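Values quoted throughout were computed directly from the atomic coordinates according to the rules given, and no laboratory measurement underlies them. In this text, all values refer to a predicted model and were calculated from it rather than measured experimentally. Cβ: placed from backbone, ideal geometry, glycine included. Neighbour counts: every protein chain shown.
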Amino acid sequence: MSSASPTKWRQITIAVVACLLVWLAWRGLPNPAVAFVIAVVPLGVIGVFRAPVLVVLLFVCFSFFRLHEAFPLLYALKIPKLLSLAAISVLFWNIFIAETIKPYWRSEFTPLAVFIALITIGVPLATNVPEAQNYYTSVYSKIVLMVFIVAWLLREEKDFLLGTRLVVISGMSIAYVAIFNKLNGIGLVEETRVTIGRELSSSLGDPNDLSSVLQFPLSFAIAFVLTPRSGIFNRLMGIIAIVMLMWAILATQSRGALMGTMAVFGLYGFRYVKNKLLLFGGGGLAAMGLYVGAGVGSRKTAQSSDGGLDTSSEQRLHAWEAAIGMATAYPIFGVGLHCYYSNYYAFTPKWDGLNHAVHSTWFGVLAESGYVGFAFFVTLFVGLIRTGIKSLRIVDRHPGVISPAVSIATQGALTGLIGTAVSGSFLTMGFTWPIYVAASFLIALGQFLDQTYGAEGGQGGSAVPKAPGRLKRLAQRLVRRRARPGRDDGDPAHPADAEGADPPGTPGAPDAAARRLPGGPVAAGRRADGGPRPNRPGG
């Protein structure tokens, strides 16, 4: 009887150990669910390592859209923490062990890295160190880490399709809750503005923050509808998402979100509408319709009793003046991450008894990172927009070759970033997810298109993998010719030029000197058949 192979003994050992673990766990907690959990966990671990892109994108969606706060049933499961552990494990495995992910560096990473370094150095130097440390460790460090991870993970067309779909579906989920709250009068502030999760102290409890979360997936939803060859399912999902997201954005009554929304629609209109007169005329009417439909004028803070600026606008002006004062007082590192609110009293030109948020991405970054940090932030923004435009030009040159998923992701990320820049005039998003998610998509798309289609600076290029240019091919040809033997004139040591040719002196084989003459071997004094050429009269 033959003995069991090592593989069989390994399987037997694993089975026995697994049964012992189930028995020990059941002894400590006599519940049938224990056996189920132990049986499912290994399958979950295998699934995590087989689908790293899905794990990382789910973590981004839960953290960005706060899905566990919008749906209280998910809150107790601590899904973001579990996904963060899974994402870090997957990243470590794929980079250092499996080596399936090759980290790269692009020019867009440089201003981002410098900006992150300035923010990190500014944390212990902040005016409110506990507040800066808490926000840095709990929020900002995860955001900047995910920029690199997402940019390195998105490498194929299916990855971009999965990412855009998850963004749109997450936005639809938040829009559904916002619409439900609006229709049922749940969590309204100022009597008319919808919020989500105020009882959980969620960031979605601020209507301005909620509107910024809703605005970002709108750009991808529009791309699903307008991109050719996107498919019936994607186009239908995009139409439903546009309706839901617009309804929810109007329910927040956020002027910044309305501006960003109009910018997104305007960019797509400029891209797809040929009649520009119709575009500007219809766009103006649509803007007025959105303002009236949102009911911004009916907001309590949007009403002025003396006919001057409304309360909200006046507070914003004072907040921006305070931000300039903070940057002037702390020009290198600013007042510190998430420390604007606690410094408002010391720098506001008019104190009304309450601290206020800055309500501006640009002034917020200026105040909390100083003039130096603000310069690198603007550099990052400009670089990302240039990368997006370059990628879009490559996509436009090859509409029948490049996958619709890449086109959708490129349009959505670029218009989403520009829409965020516009709405950022009234919304605080300098250290939250939207800008950094768009950055990771644009960097990944730029890397993918540069490697696959090889257009430099948005000029030229072809819809095939990179090939050497004409000058490079000519240089390579000259190098090959110089490397061939027998090319030097009068050098008898070199054999024939052509590979496999007969050596000089062989009957019927012309030598090097004969080949260089215009007439070939005949001009060298021999006939084409190798015989002697007869002398001509007078020759």
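Overall shape: oblate for segment 10-50, with the ratio a/c of the largest to smallest alpha carbon gyration tensor axis at 1.5 or above and b/c at least equal to a/b.
Restriction of the chymotrypsin sites (Phe, Trp or Tyr not before Pro) in segment 1-106 to DSSP coil positions whose beta-carbon has at most 16 other beta-carbons within 10 angstrom yields Tyr104, Trp105.
Sorting 148-158, 225-235 by their mean Cβ neighbour count within 10 Å, with the most densely packed peptide first, gives 148-158, 225-235. Sorting the segments 342-354, 425-437, 183-195 by their residues' average number of neighbouring beta-carbon atoms within 10 angstrom, most packed first, yields 425-437, 183-195, 342-354.
Number of Lys-Lys pairs in segment 73-185 under 21 Å by Cα, sequence gap 8 or more or different chains? Don't jump to the answer; show the numbers that get you there.
Working: Lys78/Lys142; Lys81/Lys142; Lys102/Lys142; Lys102/Lys158.
Final tally of qualifying lysine pairs is 4.
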